[in-house]
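No lab work stands behind these numbers, since they all come straight from the coordinates. Since the structure is predicted, the reported quantities are computational estimates derived from the model, not experimental observations. Using ideal geometry, Cβ is built from the backbone for each residue, glycine included, and neighbour counts are taken over all protein chains shown.
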Amino acid sequence: MSLPSDHEEALIARAKEDPEYFGELYDQYFPQIYRYVASRVRSQPLAEDITSEVFFKALRALPRYQHSGHPFSAWLYQIAVNAITDHYRSRRRAEDSLDEVPEPVDPTPAVEDEVARRMGVQAIWDLIDALPEQQRIAMGLKYGEDLKLAQIGVIMGKTEGAVKLLIFRGTASLRQRLLTSRADGTDGNRG
Amino acid sequence: MEIVAEFPNWLRRRTTPPEGVDPELWEILELDPSGKEQHLMATADEIHAAVRSGPRPQPDPGYRAHLRASLMEEARLHSPSRPPRRRRFGLALGTGMGIAGLAMLSLVLVSVVVLPPGARSVTVRASVQGNPRVPVAQAIQLSFNLPMVETSVVHGLKIDPAVSFQARWPDPKTLVLAPRHDLVPNVSYVVSIPRYAAKAQSGATPLSNIVIPFGTVPTSSTALGYPPSLVAIDRVAAATGAESLSYAPDGELLLLATGPVVAQGTQLPDTTGSSAATPPVGTPSTAGALTAAPPGGVIYALTSPPVALAGNALGPVASPDSQNLAYWAPTTSGTATLEVAPIGGQGQPLSLASSSYPSPQAAWINDSALLYSSEGHLFEVNLDGQTLSVFPFVKLGASGYFSISPNGQSLFSAPAGVPTVYNLSSGSSQPVPGLQGIPTWSPVGDILAYVAEQDGHQVIDLTAASGAQPQQLLVAPAGVGLSQLGYSPGGSDIAYVADTPGTGSQVGAVDVATGTSALLSTRTGMSQPVWAPFGSELSALESSPSGASDILSMQLSNLPQASSAGGLAASAIATASQLAQLQVTAGPTALAAIAGLLAPNLSIPSSQLLPGAFDRFYAVSSAPTSAGSETYQVDLELVQDATANSPAAYLQEQVTVALGGASPLISALSQGQLTTLPSGPLVLNATTSTSASGATTFLLQFDSDLDPVTIGPQSITLTDGGQAVGNLQISYQTSTRQLTVTAVHLPPGPLVLTVSAPLADVNHNAISVPYQLSLPAVPIG
């Protein structure tokens, strides 16, 4: 997903001199940043707003960006993580719950099946959302974005070992909660 | 301890992950082949599946390009090596450009804004846009030029004052807002959508926030206001041959008189003859001297002592900045010359133009240009004397009279004696049948008030500049003549002269909100009522049998301040001290009642009005407790907006307010229970039928489009004698919003159909209150 390191470094250097080159970085990284943001906020308008915020912040902060050997995308993810965190801190999270997602409905599956599927997915999302913030971020970047632990460490400002621990504990915690909810019959998949 | 117990042993052991498994995850979660790690990897798979198949909304098709264009625009603006590449437009705004160019300028300005390549900005037309007389039971339709992101628009949309409404999208470019209650009569509403929320599916947004003002019809049966009352009356001056009164925008009272003027017991010097005999402009006249009338008249600023500003003058009108005075100087040939003299400063008057009319009309367009009439046409002239013909489609009557609306968008004249309103942008015209005399424009320029005749009574009618059906505001008693209308600067009242046989002419005022009217004074022989720009003072002439006139200034109460920004409605801002006093005497909740009662006249920030739990309020009704009473009963709804954790709710409140005293007094207040507003789809109608084969069909008509995903056994149940009925046939017709539920071969027990969440509309608003329909048992035999 990332540009070759030397090419990326050269592009960043050019973009610092002439921000119009930022467009090439944008073209390269828009899809994954938008996808990540959308997976976290699950609302199209909100995802668009936050993605815009990420790239505008990146553009404005580009002169101060120091290439550290990590992919440029790690820096963008870092901005995105902060923007999403800011959003959730400033708003009530439930405003953007799955119920409000303007998701296109696939007309093919039966109505009941589609509802069950969505409710099951929602149950897992709800459990992820209930995890501590750091676990949630680490798991989102790993499970959703397939990022390397080192990159996640850069994004989160943590060591690789700390990221491992966050993912492990988050996964273990989620497993336990899934088992509990299924035992209680509250998982939508069983309804 | 817990950390130790859960600590993974990825450091203990490494294995090769199965194909397709993230080696890092494997490393983190794999412990040993038979234990905990298998479950964790299974969980990881489940999380992966959920994350991958879960909701991940796609961006609008044009959003990516739109954002890129915006980023590049910003990049260019801040580029250290390249100058900004903004489009430049050389607008030749010559000094001769005045109102004639304004419409064109506004069109040009729209195209000046730099847009991203290929992106069109969002524009919207509203069915109620600018209409000051919208029926109270009307839905509002917004027509966008692009398909919109519906949830974003509705989420950001606000109506102020608050209105609970149902939003529907017949198509992605059309939004219909159906208020749940009638709007409040004679209230100015504003529909607003923040720019960021008015997002098209292409990613385009408007160039600025969307703001749609409109007003509702006045309803005389609902008393929302009351006319002003006289507090004090002062004699400002006396004059012989007083012709007209007017105010400069800065509040200076101007008098045109053809005879001597006496101010505060002091007579002013007489001036006679042509303009050459005019007293020095800006020089205070000598106290006690007489002023002889020139063929026109002398214009005085009624200061203390009064100052003669110009002689041989007709039709004085002060410039918007109150720096200059324009007037007509009649000539011996029966024509007139347009002159402009500085107010209060030294300098000779400028002669700018001539008119073929003996008593033509002039109106300031801005501080440096005027519109005037000559030879049946309108001309524009600037202070350099450059003249051009404008608005060729406007026709004038024999006198050359015209009256341009304060917003410069409409103009009244009477060509061939036919009262007509011209739209200066489109050139279209509308006759105003029945209009008598000289009308008055509302301060914003959207309404024309005029005297007409109906069934032998003189009436005051209001008509929108757009040509809507006139609304009757006041009916005079039989035999009483009405004339000399004047809108108050705040737009809440219209002053008039009522001429009653045997009594004489008196000055009155009618409240525009209610049509309630009162004479301001018992004095007779009154004429020329003019409002001070600050709105709490009305000046008029009072003639005596000797032919002299007193210039009276009446201080009035219960009047709003003028709207400073020229919004749709005038509204008064209560002072901090007034608010504080009301807070003490009435409490914050009662303030809402007062504001609701005085809705068109009083604007108080809602943060100061409402208890913390409520977000907004609106007046449901307001009426005197008895005929003619000054005590009103106001029914309010205090609204609590929906949040993520709680649905919208309202609380009904009834407040009794006595208005007779110096300030409103709350004499009674009662509150109902906080009631949750139902949200989500509503069942408008339900029918049932039973076929010969025994199948029972329920047909439910919904008010909004349903989300098909939410329709099914999970939201629709049927019980027969308390037992759930299976095998329901459920179908939904999107075009008609009809839900059909059919059950076959039912036993004849009592049936109960229940529709509940998760049934939701397409905006994902789940039905908040389950809907139930019961059918009694079919009698056996």
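Rounded to the nearest 0.05, what FRET efficiency is calculated for residue B:453 and residue B:544 with R0 set to 45 Å and r the Cβ-Cβ distance?
0.90
Could you list B:461, B:160 so that the one with the fewest beta carbons within 10 Å of its beta carbon is first and the one with the most is last?
Ordered by Cβ neighbours within 10 Å, fewest first: B:160, B:461.
Between residue B:160 and residue A:85, what is the FRET efficiency for a Förster distance of 25 Å, r being their Cβ-Cβ separation, to the nearest 0.05?
That gives a FRET efficiency of 0.15.
With a 10 Å Cβ neighbour count serving as the proxy for reagent exposure, in which order, fewest first, do B:377, B:66, A:7 appear?
Ascending Cβ contact count within 10 Å gives the list A:7, B:377, B:66.
Taking a cut-off of 26 Å between Cα atoms, list the lysines near residue A:57, but don't count ones fewer than 8 places away on the same chain.
A:16, A:142, A:148, A:158, B:199
Provide the net charge surrounding residue B:460, with neighbours chosen by a C-beta distance below 12 Å and charges set as Lys +1, Arg +1, Asp -1, Glu -1.
That works out to -4.
What's the center-to-center distance, using Cα atoms, between segment B:517-551 and segment A:146-164 in Å?
Between the Cα centre of segment B:517-551 and that of segment A:146-164, the gap is 83 Å.
Segment B:463-516 to segment B:726-743: how many Å between their Cα centroids?
Between the Cα centres of segment B:463-516 and segment B:726-743 lies a distance of 58 Å.
Could you give the length gained by full extension between residue B:208 and residue B:555, i.e. 0.36 nm per residue of separation minus their alpha carbon distance, to one decimal place?
120.8 nm
What is the log10 of I(q)/I(0) for segment B:683-775, computed with the Debye formula using one identical point scatterer on each Cα and no solvent, at q = 0.11 Å⁻¹?
Each listed q corresponds, in turn, to -0.28.
Please list, in order, the residues from segment B:376-415 whose amide nitrogen is less than 11 Å from a point placed 7 Å along the Cα→Cβ vector of residue B:438.
The answer is B:401-403.
Please give the average number of partner chain Cβ atoms lying within 10 Å of the Cβ of each residue in B:142-150, rounded to a whole number.
That works out to 1 on average.
How would you rank B:742, B:420, B:332, A:180, going from fewest to most other Cβ atoms within 10 Å of each one's own Cβ?
Neighbour counts put them in this order, fewest first: B:332, A:180, B:742, B:420.
Name the residues of segment B:499-535 whose amide N is less than 17 Å from a point 7 angstrom out from the Cα of residue B:235 along the C-beta direction?
Under cut-off, by backbone N: B:522-527.
Once you average over the residues of A:39-52, how many Cβ atoms of partner chains fall within 10 Å of each Cβ?
6
If R₀ is 22 angstrom, what is the calculated FRET efficiency for the pair residue A:150 and residue A:130, using the beta carbon separation as r and rounding to 0.05?
0.20
Taking the alpha-carbon centroid of each part, what is the distance from segment B:315-379 to segment B:395-413 in angstrom?
16 Å
Could you calculate the contour length gain from residue B:483 to residue B:688, that is, 0.36 nm times the residue separation minus the distance between their Cα atoms, to one decimal place in nm?
Difference between extended and current length: 67.5 nm.
Once the piece of chain linking residue B:136 and residue B:65 is laid out straight, how much longer is it, given 0.36 nm per residue of separation minus the C-alpha distance between them?
Result for the pair: 21.3 nm of gain on full extension.
Among A:71-81, B:489-499, B:715-725, B:356-366, how do they line up from the highest to the lowest mean number of other beta-carbon atoms within 10 Å?
Output ranking for A:71-81, B:489-499, B:715-725, B:356-366: B:489-499, A:71-81, B:356-366, B:715-725.
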